[in-house]
Amino acid sequence: MKVKAVRLHGARDLRLDEFELPEIRDDEILVKVISDSICMSTYKCAILGEAHKRVHDDVAEHPAIMGHEFAGDIVKVGKLHEGKFRPGMKFTLQPALNYKGTMWSPGYSYEFFGGDATYCIIPPEVMELGCLLEYKGRAYYEASLAEPMSCSIGAFNANYHTKMGVYHHEMGIKAGGKLAILAGAGPMGLGALTYALHRDVRPSMVVVTDLNQDRLDRAAALFPPEEAAKDGIELHFVNTAGMADAAAELRELTGGTGFDDVFCYAPVAAVVELASDVLGRDGCLNFFAGPTDTKFSAKMNFYDVHYNSTHVMGTTGGNTADMIESLELTAAHRINPAVMVTHIGGLDCAAETTLNLPKIPGGKKLIYTHISMPLTALTDLRAKGAEDPRFLALADIVDAHNGLWCPEAEEYLLAHWVEE
């Protein structure tokens, strides 16, 4: 069958291709992709090409489909999987396969498997690892966003704390502790924030920092500190730009103790060093943001490592259990992944959007793969309504939901934009 997909042909070489998808084998599954959210990791893959650890060396001869945060409908099931999966079933998947020690993943490594496509083929290792998940929710975008949410969930679960004289790590953030999300007013930081405020094990304080006041204001509007206070959480949004001593001021917020858990959401040396400086005793620094520079480094206070038991770790991606937790919390309306989304668009804008991702302000860019639409900020929908009344209708729906993308908006989009 003929399909369209954004594929990687080499470094900075993304193309919207039309090509023939082969027939599935008995151990494969054919799916129709509906939504894919663009990850900064995909940008890193696009600019590095075959120099990226997940990209195969012959990508020029066998282009890789981009996108790994996707959801859709199962179309055809190979004979070996007919007992568990069926046509018409909604799906999402955990892309961090780690299959037999490899780093292969959809959106980086496969010629016929990825999210920036109209249709793709799910290979047998995904089912073997239990990474193909049935999705029973209403909106496809929530299933797409379960993957980036799972990354933050995995980070919270991977943090750890210790006790003096006992050689045992207590996994997870500290219950009732003090938590900081540095460079945290972007899409992934907001995902971490909604999880921090609504998970079972919660901190008593959350501080979100950023250098952009507009982003901080949007975050505060979405997560009013007075609402967090009702759940016993002291929430602060702090602009560290221009602070003479940001570490001292942040530590002052904690009453001088420093933070138990610090998440660093920017691969910037100054942010990493700030994270080190604000750690309290037994504080865990999670370096979440992956750099592209293989020699990236920053200072860390090793006096505190020795005498205050501070420690550093890094996480990338989540596992299947994290994905399931994300889907369950979303279905229960405890978290709202839509706080990450600021733009929507069709498959025809996915390549350009990916290559220019750091230059485009806002949060997550959500792609609907069967429509044609330029990348559009949710805040620009009403202005576009002057030329196309469909945008006006979308704007009304989004405004009725506190400016957030929502199931009603997705359903309107899928019903009123012509399928490619």
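Those residues that are surrounded by 15 or more Cβ atoms within 10 Å (Cβ to Cβ) and in contact (Cβ under 8 Å) with a residue 24 or more places away in the chain, I need them from the range 213-222; list them, please.
Residues satisfying the conditions are Arg215, Leu216, Arg218, Ala219, Leu222.
Going by the structure shown, is Ala247 surrounded by fewer than 13 Cβ atoms within 10 Å (Cβ to Cβ) and either assigned to a helix (DSSP H, G or I) or not charged (D, E, K, R) (or both)?
no
Hey, could you check the range 314-335 for residues that are within 13 Å of the chain's Cα centre (by Cα) and not in a loop (DSSP other than H, G, I, E, B) and say which is surrounded by the fewest Cβ atoms within 10 Å (Cβ to Cβ)?
Once the filter is applied, the top-ranked residue is Asp322.
Here is a list of conditions, (1) under 17 Å from the mean Cα position of the chain (by Cα); (2) surrounded by fewer than 19 Cβ atoms within 10 Å (Cβ to Cβ); (3) in a helix (DSSP H, G or I), and Thr354 meets all of them except one; can you say which number that is?
Condition (2) is where Thr354 drops out.
Name the pairs whose Cβ atoms lie under 8 Å apart, with the first residue in the range 128-143 and assigned to a helix (DSSP H, G or I) and among the charged types (D, E, K, R), the second at pLDDT 95 or above and surrounded by fewer than 19 Cβ atoms within 10 Å (Cβ to Cβ), and 6 or more positions between them or separate chains?
Glu142/Pro407
Looking only at residues in the range 5-36 that are among the charged types (D, E, K, R) and touching a His at 6+ places or on another chain (Cβ under 9 Å), which one is nearest to Gly49 (Cα to Cα)? I'd like the intermediate steps shown before the answer.
Kept after step one, since they are among the charged types (D, E, K, R), are these residues of the range 5-36: 7, 12-13, 15, 17-18, 20, 23, 25-28, 32, 36.
Imposing the further condition that a residue be touching a His at 6+ places or on another chain (Cβ under 9 Å) reduces the set to 15, 17, 26-28, 32, 36.
Details: Arg15: 13, Asp17: 17, Asp26: 31, Asp27: 29, Glu28: 27, Lys32: 26, Asp36: 20 Å.
Only one residue tops the list, namely Arg15.
Scan the range 374-384 and tell me whether some residue there is open to solvent by 20 Å² or more (accessible area, probe 1.4 Å), out of contact with any Ser or Thr (no Cβ under 9 Å at 6 or more places or on another chain) and polar (S, T, N, Q).
Checked the range 374-384: no residue is open to solvent by 20 Å² or more (accessible area, probe 1.4 Å), out of contact with any Ser or Thr (no Cβ under 9 Å at 6 or more places or on another chain) and polar (S, T, N, Q).
Pairs needed: first member in the range 369-387, closer than 23 Å to Leu355 by Cβ and without any contact (Cβ under 8 Å) to a residue 12 or more places away in the chain; second member anywhere, among the aliphatic types (A, V, I, L, M) and not in a helix (DSSP H, G or I); C-beta distance under 8 Å; at least 6 residues apart or different chains.
Cβ pairs passing all conditions: none.
Among Glu147, Glu142, which is the only one that is closer than 20 Å to Ala289 by Cβ, crowded, with 20+ Cβ neighbours inside 10 Å and charged (D, E, K, R)?
Glu147
The values are calculated or read from the model by the stated rules, or taken from the named source; none is laboratory data. For clarity, every value in this text was computed on a predicted model and none was experimentally measured. No Cβ is skipped: glycine too gets one built from the backbone with ideal geometry, and neighbour counts run over all protein chains shown. Accessible surface areas use protein heavy atoms only, side chains included; no ligands, DNA or RNA. Shrake-Rupley method; radii C 1.70, N 1.55, O 1.52, S 1.80 Å.
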